[in-house]
Amino acid sequence: MDAGLALTDVTVQAALTDSAVITLRGSASDGGRGRIEGDATVRLEPAPAIEAAVQVDRAALLQRDHVTAWISGTGRLEDPWNDLSFRGDFIVNEAEVRLVDAMPPDAVALDGVRLAHVTEEPEADAPRVVSLDVAVRADRAMFVRGRGLDSEWGVDLRATGDVRDPVLAGSVRSLRGSFDLLGKPFELTRGTIDFDGAAGLDPVLDVSLERQAGGAAGGIYVDGRLSRPRVRFGSGSGLPPDEVLPRLVFGVSQQSLTGAQALQLSLGVARLLGHGTGLQDRLREAAGVDVLRVSGTTAEDAAIAVGQNLGDQVYVGAEQQIGSGQSSVVVEVEVMENVIVDSRLEAGQSANIGVNWRLDY
């Protein structure tokens with residue numbers, strides 16, 4: 001299932017009360033302590049109709065790679081078969097959303113592709129409409145973590161409209177949180193995600209990440225639609241926008257930033273927005289090098305590596321440790337197929353030379 005729901009200990013009881021009515025009752029476990037129970041009545045005459053109810057008790061209804069949610073509540077499906085409605089009231093007991101630095105590419109749908117010698121079966125009749133009226137609430141315990149963010153949120157949403165094109169109204173609001181930018185904590189002072197019923201599930205963002213350091217106060221502010229967010233840097237100390245992050249993170253003016261510090265700031269902000277890889281590629285292209293890599297998560301353990309391929313067999317690069325200031329030069333030479341001689345010369349230390357055998361498979 002798309003939701004990742006895995007059911008165990010499934011039991012189903014069915015009864016035919018007369019020639020036109022079928023009753024069903026079932027229960028299942030989510031594999032842990034969560035339970036799902038339900039019953040349904042299907043009437044075949046004079047026109048097909050269904051009435052069904054489901055009760056959920058702390059069941060893990062969402063179990064995906066990046067989100068897990070335990071939910072309780074009740075729902076009811078009823079009305080004629082070709083004009084169904086689903087009403088529900090659910091509480092999110094706990095949820096965890098994990099923000100990752102890279103998302104897998106979307107699969108591309110290839111229209112018009114047919115398998116030879118395969119007869120296409122006609123699609124079964126399906127309900128034309130399933131109208132929704134579902135409330136989802138959570139006072140707390142919705143955790144969003146990753147990309148330097150550690151936060152807790154609450155939610156109060158209602159889904160209406162057609163199940164094929166639902167309309168969301170309500171909001172998701174932060175209760176607490178912090179964002180780590182290069183080892184410097186920014187407090188999540190305001191966080192709202194408002195769904196105003198706009199088509200396409202495109203909420204309005206209003207997020208503030210603020211910090212005080214070195215006599216300066218300011219932060220990162222994100223607002224606008226999710227599809228086109230706007231990122232601003234502001235200060236209550238009267239600093240111009242381009243001076244905010246240098247002061248708050250490194251305690252220096254923009255003019256005093258080293259090239260390494262400026263690069264770290266750019267990649268740190270991009271990491272929050274989920275565009276770190278693309279920005280790093282653009283910086284690499286602008287610098288005219290084959291390799292540009294930033295590693296580490298804090299100013300103390302961060303390192304920058306740049307390098308250039310000189311033909312097919314020779315690579316020359318340099319690495320700089322930000323915290324210690326230690327630098328080194330790396331030279332790799334492919335003396336024969338899959339055999340690499342590499343040397344590393346660190347400032348103030350002796351050179352290291354090694355021979356490696358590599359095989360791509």
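Here are a few things to note about the model shown:
- The condition of being among the polar types (S, T, N, Q), within 21 Å of the chain's Cα centre (by Cα), closer than 30 Å to Ser131 by Cβ and open to solvent by less than 50 Å² (accessible area, probe 1.4 Å) holds for only one of Ser171, Ser227, that being Ser171.
- Residues in region 56-89 that are part of a strand (DSSP E or B) and open to solvent by 70 Å² or more (accessible area, probe 1.4 Å): Asp57, Arg58, Gln63, Trp70, Thr74, Arg76, Arg87, Asp89.
- Within region 146-170, being closer than 23 Å to Ser208 by Cα, among the charged types (D, E, K, R) and in contact with a strand residue (DSSP E or B) (Cβ under 6 Å, 6 or more places away or on another chain) holds for Asp150, Glu152, Asp156.
- For Val92, the test of being surrounded by fewer than 17 Cβ atoms within 10 Å (Cβ to Cβ), of a type in the set (A, V, I, L, M, F, W, C) and under 26 Å from the mean Cα position of the chain (by Cα) is failed.
- Yes/no for Glu285 being open to solvent by 30 Å² or more (accessible area, probe 1.4 Å) and either modelled with pLDDT under 90 or within 30 Å of Gly307 (Cβ to Cβ) (or both): yes
- Unique residue being over 22 Å from Val92 (Cα atoms), modelled with pLDDT under 95 and open to solvent by 50 Å² or more (accessible area, probe 1.4 Å) when the list is Arg147, Arg211, Arg232: Arg232
- Gly154 fulfils the conditions (1) touching a residue at least 24 places away in the same chain (Cβ under 8 Å); (2) more than 23 Å from Gly268 (Cα to Cα) except for a single criterion, (1).
- Yes/no for Phe195 being touching an Asp or Glu at 6+ places or on another chain (Cβ under 9 Å), closer than 30 Å to Leu239 by Cβ, modelled with pLDDT of 90 or more and surrounded by 18 or more Cβ atoms within 10 Å (Cβ to Cβ): no
- Comparison of Ala124, Ala141 shows that the only residue that is at positive phi, modelled with pLDDT under 95, over 17 Å from the mean Cα position of the chain (by Cα) and among the hydrophobic types (A, V, I, L, M, F, W, C) is Ala141.
- Residue check, Ala28 at pLDDT below 95, closer than 24 Å to Pro166 by Cβ and either of a type in the set (S, T, N, Q) or not in a loop (DSSP other than H, G, I, E, B) (or both): no
- Residue count, region 205-221 (criterion: out of contact with any Gly (no Cβ under 7 Å at 6 or more places or on another chain) and within 24 Å of Val167 (Cβ to Cβ)): 1
- Arg176 open to solvent by 50 Å² or more (accessible area, probe 1.4 Å) and closer than 22 Å to Ile71 by Cα: yes
- Any hit, region 265-277, residues being more than 19 Å from the chain's Cα centre (by Cα), assigned to a strand (DSSP E or B), modelled with pLDDT of 70 or more and under 26 Å from Gln320 (Cβ atoms): no
- Whenever a residue of region 235-248 is open to solvent by 40 Å² or more (accessible area, probe 1.4 Å), its partners that are assigned to a loop (DSSP other than H, G, I, E, B), lying with C-beta atoms within less than 8 angstrom and at least six residues away or across chains, give the pairs Ser237/Gly215; Arg247/Gly214; Arg247/Leu239; Arg247/Ser253.
The values are calculated or read from the model by the stated rules, or taken from the named source; none is laboratory data. All figures in this text were calculated on a predicted structure; none of them were measured in a lab. Every residue, glycine as well, gets a Cβ built from its backbone with ideal geometry; the counts of neighbours run over all protein chains shown. Areas reflect the complete protein model, heavy atoms only, side chains present, ligands, DNA and RNA absent. Shrake-Rupley method; radii C 1.70, N 1.55, O 1.52, S 1.80 Å.
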